[in-house]
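The values are calculated or read from the model by the stated rules, or taken from the named source; none is laboratory data. Note that the structure is a prediction, hence the values are computed from the model and not measured. Methodologically, a virtual Cβ is constructed for each residue, glycine included, from the backbone with ideal geometry; neighbour enumeration extends over all protein chains shown. All accessible areas refer to the heavy atoms of the entire protein, side chains included, with ligands and DNA or RNA removed. Shrake-Rupley method; radii C 1.70, N 1.55, O 1.52, S 1.80 Å.
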Amino acid sequence: MRHLPTKPPSIAGTPIRGITTNISTSYSSLDSITPLPPPSSHSNKSRPGDLSYDADGVKHDGLENPPHILRRPSRAESHPHVEEEVGCLSRVHSSLPYAIAHFLGHRRTPPARVHPILDLFWAFVGIVCSISLIAVLTQHIPMFVENGAPVIVASFGAAAVLEFQAIQSPFAQPRNIICSQIIASILGVSMSKLFGMLPNHHSVRFIGGALSCAVATVLMGITGTVHPPAGATALIAVVDENCIKLGWYFVPLVLLSCILMFTVALLINNIQKQYPVYWWSPKKQAEAILPKNRDSNFFNASAIEFGEMSQVPKASHR
């Protein structure tokens, strides 16, 4: 029989896995040690749906990964254009020939990365083609020529940079482009008409321009259609003499320019790249990637949009 030491080493205050009773320095108290069930009962091999708790007290559901930990999606899952797999947009793409759906941003597989030099080349081609097309058409439409419309509204220079160079930005997506310009043009003309009723409107025109740009920014923020060039559109409608003379013709001029530039962007950007990232909202994309689990993590919508997952743990678990 093996003899135990007369003075065992002190282990008071030291946490030991599998021990459920307090440990004192007295050797006789070792007889009261009761081991916990083997850790295999807490392993991840339990059936899916069975709830269990690990050593840290975290709830598991029998799956390989705990539900509160988000894995980083694969390349196909993290691809920005996930919305096309959901809802009516998928039905529209499936009803069109792939050659046409390709130029609407639909892809069967994620596109290959484009070299930065080639990316700049396509941006150069797109900007030249779109601005030239807008200038030519607006100068051959009698409605605009008779009212002295400008060759092109200056804010579309900034819009061209977004639509051909920063195509991954949420500011360059269709909803933001079109809705914001409509809001800004209508608001700008309304503000111009309002301040034009004042007897000294030439001296206070800058106040109307400032108010028009500020209110347009607020409305874009409320509607989720922020597009920086639209702020310039609202300002130009009030302070530019040619745009003031146009009156309500300024709204169709802006809308036509917006549609022409976006059409060229669809053609040029989809030759080797992919545009748009989404058509209306990135919300469907987040629902498609993230599990619908009440215990799942919070996520960053802007990170989802660019294929990044936010892994901010929740403060507590049930």
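Some points to look at:
- Inter-residue pairs, beta-carbon under 7 Å, first over 16 Å from Met261 (Cβ atoms) and in the range 104-131, second basic (Lys, Arg) and open to solvent by less than 40 Å² (accessible area, probe 1.4 Å), 6+ apart: Pro111/Lys273; Val114/Lys273
- Residues (part of a loop (DSSP other than H, G, I, E, B) and not hydrophobic (A, V, I, L, M, F, W, C)) located in the range 178-231: Pro199, Asn200, His201, His202, Ser203, Gly224, Thr225, His227
- Meets criteria (touching a residue at least 24 places away in the same chain (Cβ under 8 Å) and over 24 Å from Leu256 (Cβ atoms)) for Gly208: yes
- Matching option when the condition is modelled with pLDDT of 90 or more, in contact with a Ser or Thr (Cβ under 6 Å, 6 or more places away or on another chain), hydroxyl-bearing (Ser, Thr, Tyr) and under 22 Å from Tyr249 (Cα atoms), among Ser180, Ser212: Ser180
- Selected residue (only one of Phe144, Phe206, Phe164 is surrounded by 23 or more Cβ atoms within 10 Å (Cβ to Cβ) and either at negative phi or of a type in the set (Asp, Glu) (or both)): Phe164
- Listing of helices (runs of 4 or more DSSP H) fully contained in the range 35-151 that carry 1 or more residues being under 19 Å from Asn269 (Cβ atoms) and at pLDDT 55 or above: 87-95, 98-102, 116-138
- Restricting attention to the range 101-115, the residues being out of contact with any Lys or Arg (no Cβ under 7 Å at 6 or more places or on another chain) and open to solvent by less than 90 Å² (accessible area, probe 1.4 Å) number 8.
- Of the set (1) surrounded by fewer than 14 Cβ atoms within 10 Å (Cβ to Cβ); (2) within 16 Å of Leu246 (Cα to Cα); (3) among the charged types (D, E, K, R), all apply to Lys193 but (1).
- Yes/no for Ile244 being part of a helix (DSSP H, G or I) and over 23 Å from Gly148 (Cβ atoms): no
- Which listed residue, of Val277, Val238, is touching a residue at least 40 places away in the same chain (Cβ under 8 Å) and farther than 30 Å from Arg107 by Cβ: Val238
- Counted residues, the range 182-216 - those being of a type outside the set (A, V, I, L, M, F, W, C) and within 23 Å of Trp279 (Cβ to Cβ): 1
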